[in-house]
1. Quick one: work out Rg over Rh on the C-alpha atoms of segment 316-386, Rh as Kirkwood radius.
2. Could you pull the Rg and Dmax for segment 613-706, using just the Cα atoms, both in Å?
3. Taking the mean number of other Cβ atoms within 10 Å as a proxy for protection, how do you rank 313-321, 264-272 from highest to lowest?
4. In terms of the Cα gyration tensor, with a ≥ b ≥ c the square roots of its eigenvalues, is segment 107-245 rounded because a/c is under 1.5, prolate because a/b exceeds b/c, or oblate?
5. Is the shape of segment 156-313 best called rounded, prolate or oblate, per the rule: a/c under 1.5 gives rounded, else a/b larger than b/c gives prolate, else oblate, with a ≥ b ≥ c the square roots of the Cα gyration tensor eigenvalues?
6. Relative to the first principal axis of the alpha-carbon coordinates of the chain, what is the inclination of helix 518-527, with its axis defined by its Cα atoms, in degrees from 0 to 90 and to the nearest 10?
7. Measuring from label point to label point, each 7 Å out along Cα→Cβ, what is the residue 84 to residue 761 span in nm?
8. Evaluate E = 1/(1 + (r/R0)^6) for residue 306 and residue 794, where r is the Cβ-Cβ distance and R0 equals 51 Å; express this FRET efficiency to the nearest 0.05.
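Coordinate-derived values only; no laboratory data. Everything numeric here is computed off the predicted structure, so don't read it as measured data. With ideal geometry, Cβ positions are generated from the backbone for all residues, glycine too; neighbour counts draw on all protein chains shown.
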């Protein structure tokens, strides 16, 4: 196989010809040929050319297939862009410098395959595949995310050594409609295999199985030698129950002369009694075997499918599965792995879906292309609704391409081949025409083909109703907007104009510390008819493991030793631009719910509780348990009651779950001994639910959710009667505009004590456990939402990131010290007052007031920042947790007693930013290894954070390898903290979570332990 690649014989350049979708590529089908195939995966010879028409040399290396050469060959590293194309040429042109990978290997064909039909299947190649076997051109394929199959019967030599060459051209006319928001790669990204069939073979099998048990199997039969032989027939069975060929179907075809000499059609039908319908909650599967017989009864071919009986329909404004209006709790997923790029194994896909199931997701959108068939097999088995999306996104040139007739064949080809391949999967409930490609005639053409071929599923495309959600556009049966606000979707649902279900195809952008208002979205969705759910963007942070010693992708052979979002020493998570890739879109690819190593981010726990199958309510002294599922009772769950009281610790007791049908509820009684004499003050009751046995997606004992209710309120008086009186409001103070309550009133006379508050000449507190006095903080290290949403720039213009304290006065009255300070911010200043009062038990009461002028309409926080001495390495707290929570992302953090290492409190988002906060904290302690330390009791549930980093250090760093943790703790105590929102792509935090001007008061007690 020396010499040049097979390019000179082409009359056209196939990489710049959108009309050419393939050449000699076999039609797509749903017959699984993986069993019994010959795998060609492994190490291949590899040659990287600068362009597809460049000559070959002897510079061969080795490459793992399947695999991206961009993750294995340093000459062409990965590149990340979102909307913009990586090169300036307009469609359908490609750049002159166009990396082209020539993959070559030898293989042996079994001698007993002689006389059989032999097919080469390349699972996926990015972006144009040119296939040769033994020097013969066997075909061309496009579409980087669907398989190309070529009949190589005449090219291979059974019983001998053969050579296959797969040339992959990276950039092409197809790249313009594969402009998705992810890393650009090149290579053969899915498995390559060879399989053999009898010349008389099953060309396709189409299954329709509804919730009532009706089964219809339509089969197509071909003979590779020419006209079909006489007398062939079909048989089949469903889990051992025999099926037979539908003679009536055959008779009607003969009478209407719908009989072909080269394509045979036949049908198997039956009705299953007492059928077990398939749903995401109850993914019941049946084994279907179809056999093709020759006239003498011998078997020529067999196909096996795992099928599910279920019905999907739209009735009015509702999407129904098996007649039930189901909530779609979905997530978008790209093919991704931090070591192998676009190449993902079946085990890794299973781990993805199992993680989704464990965190309450019941749906996945294959953004923005068909996934490996193995993922759909797993979705069938584990139970996930799938929006199957075609590989079409022309984001940078969307308007031009949507109506470009040159791209019409590609649109129809990509959509139709996806449907032909995936039509028998019960998990696939919706077809999608693609993503962010405007809307034009090409979409309508593809939609028309789908509606004719598969009327059993609805079709969606966001662009079809982008400007008018009430439109009856034929290309979308579902209104599926992107990043619409809560107000927008509710207004549409109550307008009277809604005609279709509304399911957000993307919402709650998970970039960095994000996913604010997820609970508010679901409160609106669950309470508003016509709203049915959505898909969070997205599952993965696309950080590629980078070897810092040479700056290259760590590649398939790197040590997979990272965990909890932190890379192994000498490595870091890379994003756009880190490989010298230009142009790039930076860290915008780090927008997932899990870190690159699949460690869940805190937002995953938020979603888990919002999607919980069980909820609790407590009204009028009555405790009620609610089954929030659509099809399943509670028998698969086990429970434990947990009672947490602020003053008396935690008690637990087993829970016996009642028999509650789907959508039902029941009154329950927690064990009496749980609450008897269990302290006073605030108390919360949690029902910790786990799997009662092994589930396909989780082992026995896996935590499912922790619904919670408050049994007792926190007393309004938070200090003993002997404590000093609270500081009076500042003269002329007005109520806080932030919506944050001030300190509860403190009663009782002042008490004389001998301990004296020590402050320096500038009014800064001197304390043996603090290395930095508590001062005012109005800023946070900007989150990705703050940066891209514009808040960070506004804060910087107001100098909130560099506050300078100006002492105003220090007043000592008996044991109490009052310190007044001012902080200039732009054209105004913030007045800050601290009153330090020693307590008889040795504690120190700090009462604080900050008055924000009218110009500070939306700041990051109002609170206190201080730094401790070294050696305090563990935090214990009573409040929400144990994971990170924020004001608009706190539903997933149950109130209770929690404990964690200080180093574990910080969340290492790929780009350093504000993180590690805990919302609703009432009290906490920082402890040394010997048990000493400090404690803080707060006047009201507050936002706090304890980390090893100052906000300025986080803001200055682009990656975590640039950070040096401090040996001590940086502590923030916030009277008010701005919500997170999702403004990096979507709505900002709601007004109720913003921090505005006015008087803010908070108080806390510091004690040594």
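1. Working: Rg = 13.1 Å, Rh = 13.0 Å.
Dividing the radius of gyration by the Kirkwood radius yields 1.01.
2. That works out to 14.0, 43 Å for Rg and Dmax.
3. Answer by packing, highest mean first, reads 264-272, 313-321.
4. Oblate, because a/c is 1.5 or more while a/b does not exceed b/c.
5. Since a/c reaches 1.5 but b/c is at least a/b, the shape of segment 156-313 is classed as oblate.
6. Taking Cα atoms only, the helix is inclined about 70 degrees.
7. 5.4 nm
8. Step by step, r from the Cβ atoms, then E = 0.40.
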